[in-house]
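Here's the structure we're looking at; comments come further down.
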């Protein structure tokens, strides 16, 4: 989450060449170069922010709502959509500050309360060439999709009021602290801004996918199974919706990962490439596993594999070359397939749409493999006292990084396990977690929202 | 009068309709139904979760005809709807007591 400043080096050289030019002219040139870079970077970052929002609505909303039964299609879409509104308001009021204000190693302070001071000028510690407000918006889109991913675990049975309260508390108590620890100034795992246990998480393996995936597992366990799980058919009602959603997720993920370069330079391209190759290899991994075990390669397998690969490559995307990206992706495709189709049925929990199997497992795998494959040939921002880039991962000869990655992952697991369990107990006491049996049978669309997704006779 | 009820493979509907038209039958009622006889269903797998689908989509054609046409109609139906594989469907024949054309109270065969 930072960018190299080759343009500034170029600027210095130009300035030296123009040493005999009048100083006011040089200053004007400097300002012009800076403004040109800001324009370029800001254009990509605003585009990326919009792409990441596109991942939640309609991407995730379609992906998830296609996987549920017909009576819950709108309820599932609404879960994603309400987060686009709810998280945005909370983020503007205090969420951004809790995540990105300087504060303790664990959580930010309230210096950006109500977005005070978050304006057009850059915040150089986070992103020197784009307005601070752009950085805030880009991060907001991450905060929206992360609780959205958890919806997959409690799909088809959580009360809407409970879901809203849960998501608000979860944002404050799990997401903001984890984002601060990994990306915030002074956070304990922030490798670039003085963290005591430097960990690499380019675009959210720990912050987004482990937190949401593990919280999903807790939700599935605490809430219990859907009525009739295992005895009644619960087939996806529209693979077509899920297919469109997954394709939109793949596209939006370029904003998620390449946007995390926080600029439009070569690091963004490198992250774009790693992201794409990770998704491609994971698709093949999942489809091959399915083809061998079931005899048929399914569409759901293909799109699930792509998402698993995108998840796993997320923390690594700004640190690894294309070949390791293929390895990370393919591994994620195979591992997540086994998690969703073998492990889940062995343990019998009803993680309805496999939020844990894909995001928890894929995120953990990606976070740890980042410590293996991260290289300063891709990302040279971490420099030693002599000004040379430091070795990053195991391939650079820094095997200890794998330990740091495990520690950051363990923190994300621990925070998600404990935080989510406590929040669920609070929400259960205040409004109750589950819909009634009658409401569950009727479906969330009618019982929670008074609408139907498909009015065939209308 | 006889009522002929044929349950056939959905993809055979167009062929059957065409064949009936060619022998001059132009009234029929078609319903999309689900069912199975000796044909087994199929298995669907979603992320490792297996589902047996034993009620398969079929099309039911109902038509009422004058008695002398029965054999011709049944023969037309069987030859147009047949693939020779299990799952081709069945034909049931019933006696019909009366028929009424709602528009003008025509009764019996003249209502067909």
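Derivation of every value follows stated rules applied to the coordinates shown; laboratory data play no part. Predicted, not measured: the structure shown is a model, and the values here were computed from it. Neighbour counts are summed over all protein chains in view; Cβ atoms, including those assigned to glycine, are modelled from backbone coordinates with ideal geometry.
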If the convex hull is drawn through the Cα atoms of the range A:273-391, its volume per residue in Å³: 90
Given the C-alpha centroids of the range A:80-107 and the range A:282-326, what is the distance between them in whole angstrom? 31
How many nm separate the modelled label positions at residue A:454 and residue A:346, each set 7 Å beyond the Cα in the direction of the Cβ? 3.6
Compute the length gained on full extension between residue A:406 and residue A:32: take 0.36 nm times their separation in residues and subtract their Cα-Cα distance, giving the result in nm to one decimal. 130.2 nm
Compute the distance in nm between two label points, each set 7 Å from the Cα along the Cα-to-Cβ direction, one at residue A:193 and one at residue B:93. 8.5
Given the peptides B:2-8, A:393-399, arrange them by the average over their residues of other C-beta atoms within 10 Å, most packed first. B:2-8, A:393-399
Between 0 and 90°, nearest 10: helix A:132-154 axis offset from chain A longest Cα axis: 20
Direction-averaged shadow area of the convex hull around the Cα atoms of the range B:2-111, nm²? 8.7
Mind checking A:294-307 for the average number of partner chain beta-carbons within 10 Å of each residue's beta-carbon? 2
Relative contact order computed over the range B:2-111 (Cα-Cα under 8 Å; 6+ residues apart), in percent: 41
Helix A:400-430 sits off the longest principal axis of the Cα atoms of chain A, rounded to the nearest 10 on a 0 to 90 degree scale, by 50
Looks like the protein assembly as shown, by Cα gyration tensor root eigenvalues a ≥ b ≥ c and the a/c under 1.5 rounded cutoff (else prolate when a/b is bigger than b/c, oblate otherwise), is prolate
Say R0 is 45 Å: what FRET efficiency, to the nearest 0.05, do residue A:24 and residue A:266 get from their beta-carbon distance? 0.85
Averaged across A:231-241, how many Cβ atoms of other chains sit within 10 Å of each residue's Cβ atom? 2
Let's test the formula: R0 of 56 Å, r as the Cβ-Cβ distance of residue A:323 and residue B:17. What FRET efficiency results, to the nearest 0.05? 0.45
Test item: A:360-366 mean partner chain Cβ contacts at 10 Å: 0
Looking at the square roots a ≥ b ≥ c of the eigenvalues of the Cα gyration tensor of the range A:174-279, which shape do they give, rounded for a/c under 1.5, prolate if a/b is larger than b/c, or oblate? oblate
With labels modelled as points extended 7 Å from the Cα through the Cβ direction, what inter-label distance (nm, one decimal) is found for residue B:32 paired with residue B:109? 3.7
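Sorted by packing (mean other beta-carbon atoms within 10 Å per residue), highest first, where do B:99-105, A:227-233 land?
By packing density, highest mean first, the sequence is A:227-233, B:99-105.
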Compute the distance from the alpha-carbon center of the range A:24-79 to that of the range A:155-198, in whole Å. 20
Against the longest principal axis of chain A, how steep is helix A:6-17, in degrees 0 to 90 to the nearest 10, with axes from Cα atoms? 10
Estimated FRET transfer efficiency (residue A:439, residue A:111; beta-carbon r; R0 35 Å; 0.05): 0.20
If packing is taken as the average count of other Cβ atoms within 10 Å, what order do A:211-221, A:272-282 fall into, highest mean first? A:211-221, A:272-282
